[in-house]
Amino acid sequence: MPDGSSASLAGSVAANTAIPLGLAPSLAMDMTYVAMADSLGLAMQNAVANQQRAQVITEAALAQVLTLIITKGTAKS
């Protein structure tokens with residue numbers, strides 16, 4: 001009887017290790033895709049933040065130019 005139970009135990013151990021080993025490539029690709037999605041999300045967030053900063057700078061420059069135009073007045077003809 002010990003031979004039958006040890007063979008059964010060896011078979012179950014082999015089956016239990018084969019499943020995770022078979023899933024390893026797909027899990028590795030899943031982790032790669034998650035990391036790539038996170039990186040793309042951060043890149044998009046940085047792009048939006050840079051556009052917002054550029055808009056603020058543009059508005060400040062426009063306000064400065066309009067202030068200079070108003071203080072200079074109109075050209076005398």
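Just so it is clear, none of the values below were taken in a lab; they were calculated from the coordinates. As the structure is a prediction and not an experimental result, all values here were calculated from the model.
Worth a mention:
- Using 0.36 nm per residue and subtracting the Cα-Cα separation, the extra length available between residue 30 and residue 71 on full extension is 8.6 nm.
- For the range 23-75, alpha-carbon Rg over 2.2 N^0.38 Å: 2.32
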